[in-house]
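The values are calculated or read from the model by the stated rules, or taken from the named source; none is laboratory data. Predicted, not measured: the structure shown is a model, and the values here were computed from it. We place every Cβ from the backbone using ideal geometry, glycine too, and count neighbours over all the protein chains shown. Ligands, DNA and RNA are stripped out before the accessible areas are found, and what is left, the full protein with its side chains, is counted by its heavy atoms. Shrake-Rupley method; radii C 1.70, N 1.55, O 1.52, S 1.80 Å.
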Amino acid sequence: MGRRREDRWSPPEHPESPRPDAFSLSEDARGGDPCHAVTPIPVWAWIQFPSFHVRVKAFARSWTVDAVLVEWAQFGHPAEAWVWRSAVKHRALREDDRRTRRVADDRW
């Protein structure tokens, strides 16, 4: 049976460093009363952090004329933020793609 090598590299142990929080629009910037989705809508969203921007796979949960409330997984935890509507684009889930292809194949 093999024995464990003591000189094997292992990642250093670091205490949990604070994770940056995404910027979220204020209530005044959002405008009007929000509409809430019965089923969250899959979207691509640009999220702004203090020192960078990132495009994430997210779900739109609510929206107004100017803004969308998106939810995504950040470092393994759920996160949410209100972003400008122009920072959000619809995306299709893989299951939706398969269903669309099947329908297209059936037409031929």
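Of the residues making up the stretch 55-90, those that are more than 15 Å from P42 (Cβ to Cβ), under 11 Å from the mean Cα position of the chain (by Cα) and buried (at least 18 other Cβ atoms within 10 Å of the Cβ) are Q74, A81. The residue that is nearest to W82 (Cα to Cα), counting only those in the stretch 38-54 that are open to solvent by 30 Å² or more (accessible area, probe 1.4 Å) and either in contact with a Lys or Arg (Cβ under 9 Å, 6 or more places away or on another chain) or not in a strand (DSSP E or B) (or both), is W46. Annotation note: Cβ proximity below 8 Å between a residue of the stretch 22-35 that is of a type in the set (K, R) and a residue that is part of a loop (DSSP other than H, G, I, E, B) and open to solvent by 60 Å² or more (accessible area, probe 1.4 Å) (sequence gap 6+ or interchain) occurs for R30/D66. For the stretch 61-76, the set of residues classified as free of Cβ contacts under 8 Å to residues at least 40 places away in the same chain and in a strand (DSSP E or B) consists of R61, S62, W63, V68, L69, V70, E71, W72, A73, listed by residue number. Residue count for the stretch 58-86, restricted to those that are among the small types (G, A, S), under 20 Å from T39 (Cα atoms) and either modelled with pLDDT of 95 or more or in contact with an Asp or Glu (Cβ under 8 Å, 6 or more places away or on another chain) (or both): 6.
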